[in-house]
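The values are calculated or read from the model by the stated rules, or taken from the named source; none is laboratory data. Note that this is a predicted model, so its numbers are computed, not measured. As a convention, Cβ positions derive from the backbone with ideal geometry for all residues, glycine included, and neighbour counts pool all protein chains shown.
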Amino acid sequence: MADLVGVQSTNPVGYAPPPPARSDPVGRAVERIEAALDEGFTDWDVGHGDLMDARAALNGLTPEQQSAVFSRLSDETLGHWLGEVNGVRGGLSANEKRDFHNHLAENLDATQLVRVMNNTRFVGDGEALGAAIGRAGGRTAVEFVDRMGESLNGRTRVGNFTTTEDVVARVIGNLDRPAEIDAALGALTPAQRESLATNSYRSGAESSEAYGQLYAAVARSRSVATRTEFFGYAAQSSQELRDAVKMPFSGQDFPALTPFYDAMTGLIRTDPRGMIDQMALRDVGMGHLTDYLEVAVIRGDTRLIGQLGAQVRRGEPIPGDTQTDSARFAHDYDRDGNNEDFRNAVRSGYFTGAAMAAASNVDADAEKQRALSVSLLTGGASTAAAAFPVGGQIAVGIGGIVTQQVAEAVGDKASGDRQDFFSAMHEAGMPRNARGELPTGEARAQFIAAVSEVMNGHAMDR
């Protein structure tokens, strides 16, 4: 399929030379289009009326017949037509061109759409057609992505002005149904998905838009594994950018990080517990989560970290009627003493460890350390005063409480030296029961072990 994408040919796959007979509807439409686009001594320029006549030649034909028409148009004719659409003397208006792209996307098969895409001639046309293909959706859009896959390599251009990654990002980003999103992403190999994710963003508003559309679509994927995979790609891009500007672990922020940070935020919000499970299965472990939380700490988004931490701390259901956070935390899913499974406690430990490593790596100051610990404790309030506007105690999670005195004590400890901060974060990351007490026993030990695992693997200065 490589010959379908990014390669101009005088006789490409998908081009069928016209038969001698011209009496059929397809043949008549081909003749009408070629006549409308003809330039000679007496008709030396293709005007607006000619373009509208060429478009009208498709009226009344079925999608199969319209694809057959395009199969009989040479690449030279297609390129000429698509170029004249943008002509300065009689080209289509913006609305007319949008309608033209929509019509092609809704009626041509994937083979002919690839040919049209390869023959786009002007800035924005490939992007606009890609978006139209995504909006049309269906099997054709998925097949189009599949056919473009072999050219997702960071090098191949489509038409004159855009890249395969940009086009495919817009197709997937405009798909409406999660099933179609999953089918399109599933049509690509892991290497192709990585190229799509890492090369669909380039500096500039238009490319940033395509990247954002792609990641918004991935966030609607039904597969937590897919969402975790793309979270990793965005984390890699973010870290590479920070390395490139020679401040990978500084406390500074800059706008170029925003597209990657927003992409990761959109994904992690969908299912932080499930994504942490997936991360634990990968060689990088909580590395990408730590990279993400570093930027969150730099930006002062401690409320977001607290909200995510509360979702993770909630855990997954356990047998029985008691479903408090602390009960779920303490539950051993396998009572075999040789095969303990305190998965809720371990997940909370992984998240807490990543937040601790992130704050350490970016050298967070005392104020940020305090805000981070209190937010993690309360599930999103970064100061004790915000959590307890009238004093007393508040509910934290399901079935737990914390007092203002405890929250202030955790914040005070977190603003101290390194060991005090780590101790405060341990307290903040575990659930409380109805008396405000922290867990004890093996679940607590498993939580601490998970924190240590992340810190040992991802804190730069343990």
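So the values come out like this:
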| item | result |
| --- | --- |
| Flag if residue 223 is over 15 Å from residue 288 (Cβ atoms) and at pLDDT below 95 | no |
| Restricting the stretch 117-133 to residues that are of a type in the set (Val, Ile, Thr) and surrounded by 24 or more Cβ atoms within 10 Å (Cβ to Cβ), the residue that is modelled with the lowest pLDDT | 120 |
| Condition broken by residue 54, with the remaining ones in (1) surrounded by fewer than 20 Cβ atoms within 10 Å (Cβ to Cβ); (2) in a helix (DSSP H, G or I); (3) small (Gly, Ala, Ser) satisfied | (1) |
| Single condition residue 390 does not satisfy, out of (1) at pLDDT below 95; (2) in contact with a helix residue (DSSP H, G or I) (Cβ under 6 Å, 6 or more places away or on another chain) | (2) |
| Filter result for residue 19 (in the same structural domain as residue 161 (by TED's automatic domain parsing), in contact with a helix residue (DSSP H, G or I) (Cβ under 9 Å, 6 or more places away or on another chain), of a type outside the set (S, T, N, Q) and at pLDDT below 60) | yes |
| Filter result (in contact (Cβ under 8 Å) with a residue 12 or more places away in the chain and either surrounded by fewer than 16 Cβ atoms within 10 Å (Cβ to Cβ) or closer than 14 Å to residue 329 by Cα (or both)) within the stretch 397-411 | 397, 398, 399, 400 |
| Close pairs (6 angstrom Cβ cut-off, 6 or more residues apart or separate chains): assigned by TED's automatic domain parsing to the domain that holds residue 35 in the stretch 56-69, assigned to a loop (DSSP other than H, G, I, E, B) anywhere | 66/58; 67/108; 67/109 |
| Qualifying residue in the stretch 325-332 (condition: more than 25 Å from residue 455 (Cβ to Cβ) and either of a type in the set (S, T, N, Q) or out of contact with any strand residue (DSSP E or B) (no Cβ under 9 Å at 6 or more places or on another chain) (or both)) | yes |
